Amino acid sequence: MSHDEKTPETPGPAALHGLLAEYDTPAGILAASQKIRDAGYSRWDTFTPFPVHGIDKAMGIKMTVLPWIVLGAGLSGLATAIALQWYTNTFDYKWLISGKPFFSIPANVPIMFELTVLFAGITALVAMLVLNNLPLPSHPLDFVRRFARSTDDRFFLLIEAADPKFDEESTKALLEGTHPAAVETVKEDNVTSNKLPKVLIYGVVILTVIATVPFALAAKARHATSKQTRIHAVLDMDAQPKYKAQRRNPVYADGRSTRLPDPDTVAVGDLREDSHFYRGKMNGGWARTFPPQVRLEDATMKRGQERFGIYCQPCHGVGGEGNGMVAKRAEELQQGTWVPPTNLTQDYLRQMAVGELFNTITNGIRNMPAYGPQITTEDRWAIIMYLRALQRGHASKTAGLPPATGGTN
Amino acid sequence: MAAATDINPFVNPPAGDNAFARITDNISRIAEVDKPPRAWYIAFAAALGLLSLFLVSVGYLFWEGIGIYGNMMPVAWGFPIVNFVFWIGIGHAGTLISAILFLLRQGWRTAINRFAEAMTIFAVICAGIFPGIHIGRPWLPYYMMPIPNQMEMWPQFRSPLEWDIFAVSTYATISIVFWYMGMIPDFATFRDRATTFWRRLAYGIVAMGWRGSSRQWHRYERAYLLLAALATPLVLSVHSVVSFDFATSQIPGWHTTIFPPYFVAGAIFGGFAMVVTLAVPARQFFGLKRIITIKHLELMNKVLIATGLLVGYAYGMEFFVAWYSGNEYEVFTFVNRAFGPYAWAYWTMITCNVVSPQLHWFKSVRTSPLATLLIGMVINVGMWFERFVIICTSLARDFLPSSWGYYIPTMWDFMTLAGSFGLFFTLFLLFCRYLPMVAMAEVKAFHPAAHAHAEHH
């Protein structure tokens, strides 16, 4: 009971921790709390099985800082959500979907809300525990038998001996004046150790070290090369019951897993039997007439003029004389490797069969590329029709043409 | 330590005979008795049987692949997603009771909130499993989390499925935080009543050294209030986000703006039905009739009438909007829902969800535990069918008649569904056996004795 008998090494009579009073009812503890508060004590507390209504005021407890911590955590959750979504979807890995903006408030609100709540909620629990100095494995009150009822049905008030106003006699008298069910002295806890058990410390250290191993291995694997194939835990994507292209397939006599199409197979829409129209050939030679599908009329001529302007004019020139803008520029640069485009108005081309001209446009010649893949069959014939008009205009005298076309009467 | 016996001994302190002590004793004894009631053993054996069915069916799914299920184009979302939405809906009542009724100062919630919260967590666990196992390669769901990876890819945050991941995992986390924080004072009670070393150690660790200081209670109450305020919009957001999975698609029958409120109302409805289904046997077998009273059952049944009417309104409004929109695909979808190949499922849903809760208008029905239990179970069935109807009828008949189909679940689908109930009930029965089933501290705080003389000081 007296302070000086305490010996730290061996358990024995311990120093005084404080005085504990027990009350039967919430009203009792409320009245007592007000008295202790008014008496000016500072290091004291009450212990109740449930939050007693009005005890904060009776004890003079100040409003906790906890809501501000939770607010801060919520805002940091919000900031994390914005930063995460902006960084991943707007900066590091852009993926355009239907022209939608990479970052827009409506589409990104759900995650912002969820992370705000997540951060704030976890913080509410953690902050409550930390501010309450929990977890607290042992307390001097654990040695008071009657105190076990503090979580059941009784209400306790403890004044610590460390309080500057504490005096064993007068404090006890004060407590007894508050109609307690009992008043008891509480000794300091010199039984339980205030050091963490070594097992616990080693356990945490060992587990922490082990926990870093997978991360270390992953980091090593990402910065090193290896001749080993990757290890897959689940092999169903590696070993699939099917034959891949270029692999041997024992099912067929020729051993191919990629099957060839049957001879003379034609894809839908690819049957091009009409040799005159598609290849410009008739009876083994170049066709000298336009195929019947090409209608020799103004609309076709206009189409041909337009297509010629797009595909031919850059090299061959407006009049087909081999002096297009590309050719002029190439001559200007004088690089020495330029093959000038052909003058389409030359006499031998004027005599050339339309089928051969068609073939030239379709498959290309010398360094002129093939235009078959770019210009539809009809348009190629239309271009030839326009080319014929150019050739004829070039070869004819201007005399005899109507004035509107540039003739001199 | 030499004087370990000085620590307050492993015997019950002298028992009081006041109201608070009776509450403590009533609830703590459930977790302290050597042998729980026989009904618990029977229920636990059945739950373990179903749980093993779950493990077998999920194990076979992992081994053989998703082909063992009936999911097939056009109904690619079969039982797994129906079950997911069903369980996540069940999980809503717990947080609703805990958070919203707490903010509304509904004192009667204290009798049921703890096990409603437990129910929430176990239902969310069941729900969380289904999307994970139905993705075909169930070892890869981490692709959905924003983790730096060797593919240099990030998840797409404009997708409602990604919102779903965040909503459900946040909901699970916050529910566990809320549940655990509520239990800390009750764990302390269990610790102080412990008569064996191991009980004292186990409950002592989870109680974190809680000793009920008023300075601690002050911060505790603030934190609890904040959690309730955070959880309230969260509970509304989770099922809204789940409904976005459907509503942001173009499928007729899914693409409607009514989905978020409709899903939330349905979730509260289904969740409360599950609460009464669990509360009736729990109060019967664990001697909680004086804590979960007929009055509580009646109040919950009234919530069922209200939410049942909300759900019925949503069913009707879907038809109205389909007609009012003038969109022939929408009109067809809803006519087909009620009179097409899935008419049997539709009318099962209507009977269970809209008709059966109307019986609660009769006071004799809503104050009868047996009727409460039966109607609760019927509504659970109905709410499962609601999700089946939404998912399967809409997918089976979309825009192109050439791609129509009919969903036929396999026996593995049924086994996984039944097995998920096994998981749920196993966890729930373990909770009943080892954890504080009713929030003792909260019940005491709302007891008249806590306020009797508080005014005259």
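The values are calculated or read from the model by the stated rules, or taken from the named source; none is laboratory data. Model, not experiment: these values are computed from the prediction. Cβ coordinates were reconstructed from backbone atoms using ideal geometry, including for glycine residues, and neighbour counts include every protein chain displayed. SASA here: full protein model, heavy atoms, side chains in, ligands and nucleic acids out. Shrake-Rupley method; radii C 1.70, N 1.55, O 1.52, S 1.80 Å.
Check off (1) in contact (Cβ under 8 Å) with a residue 40 or more places away in the chain; (2) surrounded by 21 or more Cβ atoms within 10 Å (Cβ to Cβ) for residue A:114 and give me the number that stays unchecked.
Condition not satisfied by residue A:114: (1).
Examine the range A:73-90 for a residue that is open to solvent by 60 Å² or more (accessible area, probe 1.4 Å), more than 30 Å from the chain's Cα centre (by Cα) and closer than 25 Å to residue B:232 by Cα, and state whether such a residue exists.
no
Restricting to the range A:28-57, name every residue that is small (Gly, Ala, Ser) and either closer than 30 Å to residue A:119 by Cα or surrounded by fewer than 23 Cβ atoms within 10 Å (Cβ to Cβ) (or both). Full working, then the answer.
Residues of the range A:28-57 that are small (Gly, Ala, Ser), as a first pass: A:28, A:31-33, A:39-40, A:42, A:54.
Scanning the range A:28-57 gives A:28, A:31, A:39, A:40, A:42, A:54.
Being within 7 Å of chain B (Cβ to nearest Cβ), farther than 30 Å from residue B:187 by Cα and in a helix (DSSP H, G or I) is true for just one of A:78, A:84. Which residue is that?
A:84
Hey, can you tell me all the residues within the range A:58-72 that are more than 7 Å from chain B (Cβ to nearest Cβ), under 20 Å from residue B:227 (Cα atoms) and surrounded by 17 or more Cβ atoms within 10 Å (Cβ to Cβ)?
Residues of the range A:58-72 more than 7 Å from chain B (Cβ to nearest Cβ): A:58, A:60, A:62-63, A:65, A:68-69, A:71-72.
Pick out the ones that are also under 20 Å from residue B:227 (Cα atoms) and you get A:63, A:65, A:68-69, A:71-72.
Once the filter is applied, which keeps residues that are more than 7 Å from chain B (Cβ to nearest Cβ), under 20 Å from residue B:227 (Cα atoms) and surrounded by 17 or more Cβ atoms within 10 Å (Cβ to Cβ), the range A:58-72 yields only A:69.
Among the listed residues B:157, B:122, B:115, identify the single one that is within 13 Å of chain A (Cβ to nearest Cβ), surrounded by 16 or more Cβ atoms within 10 Å (Cβ to Cβ) and either farther than 30 Å from residue A:98 by Cα or hydrophobic (A, V, I, L, M, F, W, C) (or both). Please lay out each step first, then the result.
Values: B:122 fails: within 13 Å of chain A (Cβ to nearest Cβ); B:115 fails: within 13 Å of chain A (Cβ to nearest Cβ).
Result of the check over B:157, B:122, B:115: B:157.
Out of A:178, A:258, I need the residue that is touching a residue at least 40 places away in the same chain (Cβ under 8 Å), β-branched (Val, Ile, Thr) and part of a loop (DSSP other than H, G, I, E, B). Which one? Explain how you work it out, then say what you get.
Details: A:258 fails: touching a residue at least 40 places away in the same chain (Cβ under 8 Å).
Selected residue: A:178, the only one of A:178, A:258 that is touching a residue at least 40 places away in the same chain (Cβ under 8 Å), β-branched (Val, Ile, Thr) and part of a loop (DSSP other than H, G, I, E, B).
Go through the range A:40-57 residue by residue and tally those that are free of Cβ contacts under 8 Å to residues at least 60 places away in the same chain and either within 7 Å of another protein chain (Cβ to nearest Cβ) or closer than 15 Å to residue A:180 by Cβ (or both). Reasoning before the result, please.
Going residue by residue through the range A:40-57, those that are free of Cβ contacts under 8 Å to residues at least 60 places away in the same chain are A:50-51, A:53-57.
Narrowing the set further to residues that are either within 7 Å of another protein chain (Cβ to nearest Cβ) or closer than 15 Å to residue A:180 by Cβ (or both) leaves A:50-51, A:53-56.
Residues meeting the conditions: 6.
Assigned to a helix (DSSP H, G or I) and open to solvent by 100 Å² or more (accessible area, probe 1.4 Å): is that true of residue A:332 in this structure? I'd like the intermediate steps shown before the answer.
Values: assigned to a helix (DSSP H, G or I): yes; open to solvent by 100 Å² or more (accessible area, probe 1.4 Å): yes.
So residue A:332 passes the test.
How about the range B:389-427: which of its residues are open to solvent by less than 10 Å² (accessible area, probe 1.4 Å) and among the hydrophobic types (A, V, I, L, M, F, W, C)?
B:389, B:390, B:391, B:392, B:396, B:424 - these are the residues of the range B:389-427 that are open to solvent by less than 10 Å² (accessible area, probe 1.4 Å) and among the hydrophobic types (A, V, I, L, M, F, W, C).
Return yes when residue B:299 is touching a residue at least 60 places away in the same chain (Cβ under 8 Å) and open to solvent by less than 10 Å² (accessible area, probe 1.4 Å) and no when it is not. Talk me through it step by step, then tell me what you get.
On the way: touching a residue at least 60 places away in the same chain (Cβ under 8 Å): yes; open to solvent by less than 10 Å² (accessible area, probe 1.4 Å): no.
Taking the combined requirement at face value, the residue does not satisfy it.
Take residue B:375 and tell me if it is more than 14 Å from chain A (Cβ to nearest Cβ), out of contact with any Gly (no Cβ under 8 Å at 6 or more places or on another chain) and aliphatic (A, V, I, L, M). Can you show your working first?
Details: more than 14 Å from chain A (Cβ to nearest Cβ): yes; out of contact with any Gly (no Cβ under 8 Å at 6 or more places or on another chain): yes; aliphatic (A, V, I, L, M): yes.
For residue B:375, the condition - more than 14 Å from chain A (Cβ to nearest Cβ), out of contact with any Gly (no Cβ under 8 Å at 6 or more places or on another chain) and aliphatic (A, V, I, L, M) - is met.
Residue by residue through the range B:176-202, note down the ones that are among the charged types (D, E, K, R) and within 9 Å of another protein chain (Cβ to nearest Cβ).
Going through the range B:176-202, the residues among the charged types (D, E, K, R) turn out to be B:186, B:191-193, B:199-200.
Result: B:186, B:191, B:192, B:193.
Do we find that residue B:221 is more than 28 Å from residue B:65 (Cα to Cα), facing chain A (nearest Cβ under 8 Å) and in a helix (DSSP H, G or I) in this structure? Don't jump to the end; show me each part of the working.
On the way: more than 28 Å from residue B:65 (Cα to Cα): yes; facing chain A (nearest Cβ under 8 Å): yes; in a helix (DSSP H, G or I): yes.
Answer is yes for this residue.
Give the residues of the range A:94-133 that are more than 8 Å from chain B (Cβ to nearest Cβ) and among the charged types (D, E, K, R), sorted by residue number.
Residue satisfying the conditions is A:94 alone.
Exactly one condition in (1) more than 52 Å from the chain's Cα centre (by Cα); (2) of a type in the set (Phe, Trp, Tyr); (3) more than 14 Å from residue A:379 (Cα to Cα); (4) surrounded by 12 or more Cβ atoms within 10 Å (Cβ to Cβ) is not met by residue A:290; state its number.
Residue A:290 satisfies all of (1) more than 52 Å from the chain's Cα centre (by Cα); (2) of a type in the set (Phe, Trp, Tyr); (3) more than 14 Å from residue A:379 (Cα to Cα); (4) surrounded by 12 or more Cβ atoms within 10 Å (Cβ to Cβ) except (3).
Among all residue pairs at least 6 apart or on different chains, which show Cβ distances below 8 Å where the first residue, located in the range B:188-217, is closer than 21 Å to residue B:431 by Cβ and open to solvent by less than 10 Å² (accessible area, probe 1.4 Å) and the second is outside any loop (DSSP other than H, G, I, E, B) and aromatic (Phe, Trp, Tyr)?
Here the result reads B:188/B:203; B:190/B:203; B:194/B:203; B:207/B:187; B:207/B:190; B:210/B:187, each pair linking the range B:188-217 to a residue that is outside any loop (DSSP other than H, G, I, E, B) and aromatic (Phe, Trp, Tyr).
Quick check: anything in the range B:236-252 open to solvent by less than 20 Å² (accessible area, probe 1.4 Å), β-branched (Val, Ile, Thr) and more than 18 Å from residue B:387 (Cα to Cα)?
The answer is no, given that none of the residues of the range B:236-252 is open to solvent by less than 20 Å² (accessible area, probe 1.4 Å), β-branched (Val, Ile, Thr) and more than 18 Å from residue B:387 (Cα to Cα).
Please state which one of A:138, A:150, A:170 is in a helix (DSSP H, G or I), among the small types (Gly, Ala, Ser) and either at the interface with another protein chain (Cβ under 7 Å from one of its Cβ atoms) or in contact with a Ser or Thr (Cβ under 7 Å, 6 or more places away or on another chain) (or both). Reasoning before the result, please.
Numbers: A:138 fails: in a helix (DSSP H, G or I); A:170 fails: either at the interface with another protein chain (Cβ under 7 Å from one of its Cβ atoms) or in contact with a Ser or Thr (Cβ under 7 Å, 6 or more places away or on another chain) (or both).
Answer to the check: A:150.
Please determine whether any residue of the range B:358-374 is part of a helix (DSSP H, G or I) and in contact with a Phe, Trp or Tyr (Cβ under 8 Å, 6 or more places away or on another chain). It would help to see each step written out before you state the result.
Here is the first cut: in the range B:358-374, the residues part of a helix (DSSP H, G or I) are B:358-361, B:363-366, B:369-374.
Now narrow it down to the ones that are in contact with a Phe, Trp or Tyr (Cβ under 8 Å, 6 or more places away or on another chain): none.
No, every residue in the range B:358-374 fails to be part of a helix (DSSP H, G or I) and in contact with a Phe, Trp or Tyr (Cβ under 8 Å, 6 or more places away or on another chain).
Please go through (1) under 56 Å from the mean Cα position of the chain (by Cα); (2) crowded, with 20+ Cβ neighbours inside 10 Å; (3) within 7 Å of chain B (Cβ to nearest Cβ) for residue A:25 and return the number of the only condition it doesn't satisfy.
Going through (1) under 56 Å from the mean Cα position of the chain (by Cα); (2) crowded, with 20+ Cβ neighbours inside 10 Å; (3) within 7 Å of chain B (Cβ to nearest Cβ) one by one, residue A:25 breaks only (1).
If the requirement is being at pLDDT 85 or above, of a type outside the set (Phe, Trp, Tyr) and in a helix (DSSP H, G or I), which of these qualifies: B:70, B:59?
Numbers: B:70 fails: in a helix (DSSP H, G or I).
The conditions single out B:59.
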